[in-house]
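In what follows, a single structure is set out as structure tokens and then discussed.
The values are calculated or read from the model by the stated rules, or taken from the named source; none is laboratory data. Just so you know, these numbers come straight off a predicted model, no measurement behind them. Glycine also receives a Cβ, built like all others from the backbone with ideal geometry; neighbour counts cover every protein chain displayed.
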Amino acid sequence: MGRLFAGVFERAGADVEVSGRNTSCTAAQIARDSDIIVISVPIHSTAGVIREVAPLLAPSQLICDLTSLKVFPMKEMLLSQAEVIGLHPMFGPSVQSLQQQTVIVTPGRCRKETLAMLTGILESEVARITLATPEEHDRMMAVVQGLTHFVSLSMAGTMRKIGVTPRETEPFTSPVYQIETGIVGRLLSQDPVLYGDILRMNPYVEEVIGACCAAAGEARDAVLSKDPQTFERLFTMDSRHFGDYCTTAASLTDFLIESMVKR
């Protein structure tokens, strides 16, 4: 992700210096010499790296991070004298461009001109900007990331427990099932440390997982009750909660299914 955003800043006309485990340039050098400092390291290393550079920063500088969580990195960055803006790219580093990709921006302590400059760089890449507080961000990520990943892990664990592999199901698959297992497989193909940090370090995930387990219990009871009306009541209640997004989702998945069939 750091390499991806190095390109973003270079295209905006900036001279970019990179410090990492295998570079001769140190984090301290970058902190002293740069106008904008961007922290892009694993979540569990973020606080330590910020603490290393924060004391070296001046009020004229800007420090940002690219972490999937925002409350704790923002608290650490605000201990510096620099301006502070948190960033969370809602995509992986393998994307071809930022076009129509969402970047969540959490202003901490900054001038309007600084925020406009940074969002302007992202908008020049045709990125979609969502402004939020760190708390709003982490609460929403508990659903957008935490719930999604927890459900995917639960589906994978269920198949493991009943002894059925995705390959065995291939002759029986529907496009919707392929989408579901594709999401699970995509998650499991990536770094477990990253996803463990996203789930374990977000303080709002526990509440969401509790609600998910309770909802699974309700669905189990509705199915095992053998009473059609019990199931229909639960189904209708959830459908009403989703509202007109149900129609939007049907259209979107129809498009995905049609693309899969034509492949």
For region 92-135 the number of residues that are under 21 Å from PRO42 (Cα atoms) and at pLDDT below 95 is 4
(1) closer than 30 Å to LYS75 by Cα; (2) without any contact (Cβ under 8 Å) to a residue 40 or more places away in the chain; (3) not basic (Lys, Arg): which one isn't true of VAL193, the others all being true? (2)
Given (1) assigned to a loop (DSSP other than H, G, I, E, B); (2) closer than 22 Å to VAL71 by Cα, identify the lone condition not met by HIS149. (1)
Tell me, please, whether a residue that is in contact (Cβ under 8 Å) with a residue 40 or more places away in the chain and either of a type in the set (Val, Ile, Thr) or assigned to a helix (DSSP H, G or I) (or both) can be found in region 42-62. yes
For residues in region 79-126 being hydrophobic (A, V, I, L, M, F, W, C) and in a strand (DSSP E or B), which is farthest from THR67 (Cα to Cα)? VAL84
Yes or no: region 232-247 includes at least one residue that is in a helix (DSSP H, G or I), under 22 Å from the mean Cα position of the chain (by Cα) and surrounded by 13 or more Cβ atoms within 10 Å (Cβ to Cβ). no
Quick test for you: out of PHE9, PHE5, pick the one residue that is among the aromatic types (Phe, Trp, Tyr) and surrounded by fewer than 16 Cβ atoms within 10 Å (Cβ to Cβ). PHE9
Tell me which of these PRO228 doesn't satisfy, since it passes every other one: (1) surrounded by 11 or more Cβ atoms within 10 Å (Cβ to Cβ); (2) free of Cβ contacts under 8 Å to residues at least 12 places away in the same chain. (1)
Going through (1) in contact with a helix residue (DSSP H, G or I) (Cβ under 9 Å, 6 or more places away or on another chain); (2) in contact (Cβ under 8 Å) with a residue 60 or more places away in the chain; (3) of a type outside the set (Asp, Glu) one by one, PHE5 fails only at (1)
Complete set of residues in region 164-185 that are more than 29 Å from the chain's Cα centre (by Cα), part of a helix (DSSP H, G or I) and surrounded by 10 or more Cβ atoms within 10 Å (Cβ to Cβ): GLU168, THR169, GLU170
Total residues in region 21-45, condition farther than 22 Å from GLN81 by Cα and either small (Gly, Ala, Ser) or touching a His at 6+ places or on another chain (Cβ under 6 Å) (or both): 1
